[in-house]
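Report on one structure; see the data block that follows.
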Amino acid sequence: MAAALSHPAYRRVFAGTFSSNVGTWMQNVILIALAYDLTDSSTFIGVITFAQLGPMLLLSPVGGAIADRVNRRVLMVSIAATQALLSAALAVVVTRDDPSLVLLVVIVAGIGIGAALNAPTANAILPELAGRRDLQGAVALNSAAMNASRVVGPVLGGAAAAIGGATFVFMVNAATFVFVILAVATADADFSAKGKRGESPVAQMAGGIREARRDRVVGRVLVTIAAYSLFCLVFIYQMPRIADEQFDLVGWRYTLLFSTFGLGAFTGAISMGSWLTPFGRPLMVRAGLGVFAASLGVFALSWSTWTGFPSAFFAGASYFVIVTALVTTLQLRVADEVRGRVMGLWMMAWAGLVPVGGLIGGVVIDLVGLTPVLLAGVAVAVLLAVFVDLSEADRPVRAGSG
């Protein structure tokens, strides 16, 4: 991972993105706590989560196609500036004691649309920033930074909310977008489009699907992360209710539980870039799924912080062992000319299906309770651990078809 940081362009964008991600997670945790406080409803938490992450489901492939067609620097700066304005608008809306729930959802959806269009581009430029030789270290470092922001962001978000409420938190997040704008605008790297300019966006998206069908490893990676995201990750955005009902952690104190999960995710990502590297990615996917199933099972059945916090930590660690192993496999399999569109499919399957699971899971939780929904996620993780087969990932790769 240290080798990736030796590249000045990667180092600059990494620092700017990390600063912005801390602000994003400050906003995320306070936003779902606000949703729970306003409605006392898991269903509305699911709605807010879907507004935030749901655009990944439909627009990530579009973002991937755009990433292969236009200058990526211009795209990333434009999106970050728009998200900053929308976060500031969110801060204004929540100054009211009874903010409009519809307006909250609409603004959050706008921020989510920006994230959906940006994510494939941010992934696609990694080889240009860090080089192919240091790509695995860059992927692991990006995962570690994203999850470090899950630790730092909730803690700072809880502190900021205690000082100035949700409005203050959302304004701080708006300000942090300046860091990523400056980093991307000044990085010395090739941000030019890599796809065929004569192709339509629809043809480019179809090219990503063709690549997934052509390469069985790419297809299996996408199917695995899709099933995992849809069924196993409902608990992440139901943390306010879990903290309240199972551990009596009310208000901003639930951020301590979320930060413990984030610390675990940070540890898992760092481990995949260091001491777990020799074990191979296919093995790490299977082992990660097994540990995740056990950890989530304990978490679902815990009513004490003595078991709840450690199980949240190990659920987070195994979660990002799985994700880092899968996305690194994908990055190393695909050719540059189809990278943006394939990463669009990745974001659709990973981040895009989490809110779908959260939306469905929220409704079911309101009907039958938390425990059955979380245990269903355990069952799916066990099935994936038994049946997922990425052993071909270590074999030679043919060039992408585009």
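The values are calculated or read from the model by the stated rules, or taken from the named source; none is laboratory data. None of the values given here were measured: they were computed from a predicted structure. Positions of Cβ are generated from backbone atoms using ideal geometry, with glycine treated the same way; all protein chains shown enter the neighbour counts.
Whenever a residue of segment 122-133 is farther than 12 Å from Arg339 by Cβ and in contact (Cβ under 8 Å) with a residue 40 or more places away in the chain, its partners that are among the small types (Gly, Ala, Ser) and surrounded by fewer than 24 Cβ atoms within 10 Å (Cβ to Cβ), lying with C-beta atoms within less than 8 angstrom and at least six residues away or across chains, give the pairs Leu129/Ala9; Leu129/Ala187; Leu129/Ala189; Ala130/Gly137; Arg133/Ala3. Residues of segment 331-349 that are crowded, with 24+ Cβ neighbours inside 10 Å and closer than 22 Å to Arg286 by Cβ: Trp346, Ala349. Leu90 fulfils the conditions (1) under 16 Å from the mean Cα position of the chain (by Cα); (2) surrounded by 22 or more Cβ atoms within 10 Å (Cβ to Cβ); (3) not small (Gly, Ala, Ser) except for a single criterion, (1).
Gly273 - would you say it is at pLDDT below 85 and farther than 25 Å from Ile360 by Cβ? Full working, then the answer.
On the way: at pLDDT below 85: yes; farther than 25 Å from Ile360 by Cβ: yes.
Spelling it out, Gly273 is indeed at pLDDT below 85 and farther than 25 Å from Ile360 by Cβ.
Screening Ile30 on (1) surrounded by 24 or more Cβ atoms within 10 Å (Cβ to Cβ); (2) touching a Ser or Thr at 6+ places or on another chain (Cβ under 7 Å) shows it passes everything except condition (2).
Can you tell me which residue among Val29, Val62, Val77 is at pLDDT 90 or above, part of a helix (DSSP H, G or I), out of contact with any Cys (no Cβ under 9 Å at 6 or more places or on another chain) and not acidic (Asp, Glu)? I'd like the intermediate steps shown before the answer.
On the way: Val29 fails: at pLDDT 90 or above; Val62 fails: at pLDDT 90 or above.
Answer to the selection: Val77.
Filtered by the rule that a residue be within 15 Å of Leu31 (Cα to Cα) and not polar (S, T, N, Q), segment 236-249 gives Ile236, Tyr237, Met239, Pro240, Arg241. In segment 293-322, the qualifying residues are those that are among the aliphatic types (A, V, I, L, M) and surrounded by fewer than 24 Cβ atoms within 10 Å (Cβ to Cβ), and the one that is farthest from Ala124 (Cα to Cα) is Leu301.
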